[in-house]
């Protein structure tokens, strides 16, 4: 029997060594993006010409495990952490994370108490929320730090750019709220450089307008992973990597700009092996029918684990270093794969769903192409459902 070191039949391995390598690569790249003197001087420490790093660990670190990854990033010296919701920020605080944490999704006014008590930085784009934070902060003799989000074209969250100055002035008059940051988000960074450059220009004009009115906001950001690799801007003094921390590229063609190491591997075990005859159908609907006798294996992973039905008859797994095609439809808990050319396969044999085995590799991008989706969805779907193991 193959050696089994744990009780899982399907699991994720998160390589923290790869996280370290990716963070350092991002920091080196960000260090080449010098910011304007006037923007650099906004830092509390004074004149720092390279951007600070806000590491995004939302969605449980894109399925990689928020707490271990966040702890690693803190050890590496990240300046901020970014989460999606208040609950994630509280989880980080309860696990001893003391770094500044920006909640990227605007909290509800009813969550103002939790934001202030746990020293979380709120994203604000309504006066109602700003007022709620101010009211509670005043009641406990504290100041609530916030970043204001500006909509320069994403159309999802944020105060519209033409309304931003008046809104910021109004919020700045609240005595127990401190506007520490100003940021935006790029919806077309990978498809429309001209549109994205207009967004950057809009932020430049906004900061310039605020500066002339002596409304100085320390941190200005908008560069997500794609923004860091593809756009040079001297107005952002914070960069906001997410996907690249996990060894995934925001678009093709960026491998020459930054070298990343994949962080996630997904593995599962063979639980049954048999030979099927010519003409035998496989799985629901018999969307695959054998054209000849073949050896097949049942592998313990399915859509309940985040392995999508879209992979049916399209995706490969690695067994014995060989590519083995998924046959028929992906089911809730299992898939059937062709192991005719994979050598000796038996119950307990390891199958690689994402990752490297011998000389071959299956990437999240490859699976994303099979499912007509993006690598973000692949790692979040698999990583958030399967048990995790961590390699240090």
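The values are calculated or read from the model by the stated rules, or taken from the named source; none is laboratory data. Quick caveat: nothing in here was measured; it's all calculated off a predicted structure. All Cβ positions, even for glycine, are placed from backbone atoms using ideal geometry, and neighbour counts span all protein chains on display.
Taking residue 70 as the residue in question, decide whether it is crowded, with 23+ Cβ neighbours inside 10 Å, in a helix (DSSP H, G or I), touching a residue at least 60 places away in the same chain (Cβ under 8 Å) and within 17 Å of the chain's Cα centre (by Cα).
In short, no.
If you check residue 96 against the conditions, is it modelled with pLDDT of 95 or more, more than 30 Å from residue 307 (Cα to Cα) and in a loop (DSSP other than H, G, I, E, B)?
It is true that residue 96 is modelled with pLDDT of 95 or more, more than 30 Å from residue 307 (Cα to Cα) and in a loop (DSSP other than H, G, I, E, B).
What is the number of the single condition among (1) farther than 30 Å from residue 9 by Cα; (2) surrounded by 14 or more Cβ atoms within 10 Å (Cβ to Cβ) that residue 268 does not meet?
(1)
Identify the residue in region 125-140 that is within 31 Å of the chain's Cα centre (by Cα) and in a loop (DSSP other than H, G, I, E, B) and, among all such residues, is surrounded by the fewest Cβ atoms within 10 Å (Cβ to Cβ).
Selected residue: 126.
Sort through 310, 368, 351 and tell me the only one that's closer than 23 Å to residue 226 by Cβ and either in contact with a helix residue (DSSP H, G or I) (Cβ under 6 Å, 6 or more places away or on another chain) or in a strand (DSSP E or B) (or both).
Selected residue: 368, the only one of 310, 368, 351 that is closer than 23 Å to residue 226 by Cβ and either in contact with a helix residue (DSSP H, G or I) (Cβ under 6 Å, 6 or more places away or on another chain) or in a strand (DSSP E or B) (or both).
Taking helices (runs of 4 or more DSSP H) that fall entirely within region 141-231, which contain at least 1 residues that are modelled with pLDDT under 95?
193-212, 225-230
When you look at residue 188, is it in contact (Cβ under 8 Å) with a residue 40 or more places away in the chain and farther than 15 Å from residue 33 by Cβ, yes or no?
Answer is no for this residue.
For the list (1) modelled with pLDDT of 95 or more; (2) in contact with a helix residue (DSSP H, G or I) (Cβ under 7 Å, 6 or more places away or on another chain), I need the number of the one condition that residue 384 fails.
Condition (1) is where residue 384 drops out.
Could you pull out the residue among 215, 210 that is assigned by TED's automatic domain parsing to the domain that holds residue 164, surrounded by fewer than 18 Cβ atoms within 10 Å (Cβ to Cβ) and touching a residue at least 12 places away in the same chain (Cβ under 8 Å)?
That would be 215, the only listed residue that is assigned by TED's automatic domain parsing to the domain that holds residue 164, surrounded by fewer than 18 Cβ atoms within 10 Å (Cβ to Cβ) and touching a residue at least 12 places away in the same chain (Cβ under 8 Å).
Would you mind finding the one in 186, 167 that is under 26 Å from the mean Cα position of the chain (by Cα) and in the same structural domain as residue 31 (by TED's automatic domain parsing)?
186
As an exercise: evaluate residue 255 against (1) over 13 Å from the mean Cα position of the chain (by Cα); (2) outside the structural domain of residue 381 (by TED's automatic domain parsing); (3) surrounded by 21 or more Cβ atoms within 10 Å (Cβ to Cβ) and give the number of the one condition it does not meet.
In the conditions (1) over 13 Å from the mean Cα position of the chain (by Cα); (2) outside the structural domain of residue 381 (by TED's automatic domain parsing); (3) surrounded by 21 or more Cβ atoms within 10 Å (Cβ to Cβ), residue 255 misses (3) alone.
Do the conditions hold for residue 50, that is, is it free of Cβ contacts under 8 Å to residues at least 24 places away in the same chain and either in contact with a strand residue (DSSP E or B) (Cβ under 6 Å, 6 or more places away or on another chain) or assigned to a loop (DSSP other than H, G, I, E, B) (or both)?
Spelling it out, residue 50 is indeed free of Cβ contacts under 8 Å to residues at least 24 places away in the same chain and either in contact with a strand residue (DSSP E or B) (Cβ under 6 Å, 6 or more places away or on another chain) or assigned to a loop (DSSP other than H, G, I, E, B) (or both).
Working only within region 283-307, note down all residues that are more than 22 Å from the chain's Cα centre (by Cα), within 20 Å of residue 270 (Cβ to Cβ) and in a loop (DSSP other than H, G, I, E, B).
Within region 283-307, 283, 290, 293, 300, 301, 302 meet the criteria.
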